[in-house]
1. Name the residue, out of A:30, A:23, that is among the hydrophobic types (A, V, I, L, M, F, W, C) and more than 25 Å from residue A:112 (Cα to Cα).
2. Within the range B:63-81, is even one residue open to solvent by 30 Å² or more (accessible area, probe 1.4 Å), in contact (Cβ under 8 Å) with a residue 12 or more places away in the chain and within 30 Å of residue A:43 (Cα to Cα)?
3. Select, from A:76, A:67, the only residue that is open to solvent by less than 40 Å² (accessible area, probe 1.4 Å), modelled with pLDDT under 95 and either over 25 Å from residue B:145 (Cα atoms) or part of a loop (DSSP other than H, G, I, E, B) (or both).
4. Do we have any residue at all in the range B:116-136 that's within 17 Å of the chain's Cα centre (by Cα), within 16 Å of ligand 1 (Cβ to nearest atom) and in a loop (DSSP other than H, G, I, E, B)?
5. Read through the list (1) of a type in the set (S, T, N, Q); (2) surrounded by fewer than 23 Cβ atoms within 10 Å (Cβ to Cβ); (3) more than 22 Å from residue A:134 (Cα to Cα), then give the number of the only condition that residue A:60 fails.
6. Please specify each residue of the range A:96-106 satisfying the condition of being open to solvent by 10 Å² or more (accessible area, probe 1.4 Å) and touching a residue at least 12 places away in the same chain (Cβ under 8 Å).
7. Being buried (at least 21 other Cβ atoms within 10 Å of the Cβ), farther than 20 Å from residue B:112 by Cβ and either within 12 Å of another protein chain (Cβ to nearest Cβ) or over 19 Å from the mean Cα position of the chain (by Cα) (or both) is true for just one of B:153, B:165. Which residue is that?
8. Would you please name the residue that is farthest from ligand 2 (Cβ to nearest atom), looking only at residues in the range A:25-57 that are in contact (Cβ under 8 Å) with a residue 40 or more places away in the chain and open to solvent by 50 Å² or more (accessible area, probe 1.4 Å)?
Amino acid sequence: MPYSLSVNGQVHSIDEDGQTPLLWVLRDTLKLTGTKYGCGVAQCGACTVHVDGQPMRSCSLALEAVASAQIVTIEAVEGAETKAIQDAWIARDVPQCGFCQSGQVMSAVALLRAIPAPTDDDVDIAMSGNICRCATYNRIRAAIHDAAGVLGSGRS
Amino acid sequence: MRWRRSSGLSRRRRFGCLPILALTVAAIVLVSAIVLRPQPLPQAHSLPASHPRIEIAHLRPVAAFASIADPQARSLALFEEAGRVIQHPRCMNCHPRTDRPTQTDAMRPHTPWVARGPDGGGEPTLRCSTCHHDENFEPSGVPGNPKWKLAPIGMAWQGKTLGEICRQILDPARAHMGREELLHHLAEDELVGWAWHPGGERTPAPGTQAEFAALIKAWLDTGAKCPA
Ligand code: FES
Ligand code: FES
């Protein structure tokens, strides 16, 4: 029986094996290729999506386990934190090759939603599962602080 | 002036292009004939397995200890056998002495660089459930269990001797459980039980959870003696 999967607010009928990793469904079936396949073994974070608001590695998540969840990918993530992160990413010119960046952005947005003014330690903890082959870590950290600053000034 | 070309009298013999071409072709034909001569096909032989086969280790049953007449010595021997499970990487990896788990049979630091967080289930911004779910997930090789989390720091086992672990699990202040609960935890807990069904290429703990529980029960019944 097909699974009905809610991705970016749209419900799709997915006729795949229940053990298919969500990443495969997103990329191959739904053609949402913004979410990247980096390692396939939950080591790099390139495949990070939000599942009911929590950042998760879609390469390590069975289709059948998320059939009743709300999934948001890089194509549709939005809100104040997302806007602040996107602006800071552009201003800092964070990406180099860009491959890891959709995962980095998804983790960074989730971090700012959980901790609006993160310390360096908070950034290290939240982002340590997102690997960047180009080592853009310093720019990522700076951009997260920039985004937090913008969000903070909007609140005060 | 020997290097000067002499005029006319002693002209060197000159080869034309044709003999050189013929020689080259003959050489190519010869080499090809040697290289392409009919040869027996290489025999297929199996490559060594890329992953070593998982060794299933057994536990000695409680009955095997009946011949030890001295109850104290028997209790000790029972615990030492159960210790093969307790000190197995499948158990030790999630009983770290720091805030960070280890992984694999080599018990190397966990990647990504995760920490226990307030409830043992990871930091709020990098939960264990970012990757670990209710079941082992074969496509990514990530293990899972509904209760996936670290043992409390009071139950840190890494770096301790079996005797120290023994005294620790019997100490309600550190184990946060009495003997009844301890037996129940080891015999019934499904996260403990995961150690025998770890999935992927992970080596399971020796024996079965039931055999392990029987050893623990017999050890408690014989006075719960601890190694030095
Ligand atoms: S592709 Fe999922 S963590 Fe690397
Ligand atoms: S920008 Fe190249 S891998 Fe991160």
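1. Numbers: A:23 fails: more than 25 Å from residue A:112 (Cα to Cα).
After ruling out the rest, the residue left standing is A:30.
2. No, every residue in the range B:63-81 fails to be open to solvent by 30 Å² or more (accessible area, probe 1.4 Å), in contact (Cβ under 8 Å) with a residue 12 or more places away in the chain and within 30 Å of residue A:43 (Cα to Cα).
3. Working: A:76 fails: modelled with pLDDT under 95.
One residue alone meets the criteria, A:67.
4. First pass over the range B:116-136, keeping only residues within 17 Å of the chain's Cα centre (by Cα): B:136.
Next, from what is left, pick out any that are within 16 Å of ligand 1 (Cβ to nearest atom): none.
The answer is no; no qualifying residue exists.
5. Every listed condition holds for residue A:60 apart from (2).
6. As a first pass, look at the range A:96-106 and keep what is open to solvent by 10 Å² or more (accessible area, probe 1.4 Å): A:96-102, A:105.
Within the range A:96-106, A:96, A:97, A:99, A:100, A:101, A:102, A:105 meet the criteria.
7. On the way: B:153 fails: buried (at least 21 other Cβ atoms within 10 Å of the Cβ).
Among B:153, B:165, only B:165 is buried (at least 21 other Cβ atoms within 10 Å of the Cβ), farther than 20 Å from residue B:112 by Cβ and either within 12 Å of another protein chain (Cβ to nearest Cβ) or over 19 Å from the mean Cα position of the chain (by Cα) (or both).
8. Checking each candidate, the answer is A:54.
The values are calculated or read from the model by the stated rules, or taken from the named source; none is laboratory data. Because the structure is a prediction, the values reported are computed rather than measured. We place every Cβ from the backbone using ideal geometry, glycine too, and count neighbours over all the protein chains shown. For accessibility, only protein heavy atoms count, side chains too; no ligands or nucleic acids. Shrake-Rupley method; radii C 1.70, N 1.55, O 1.52, S 1.80 Å.
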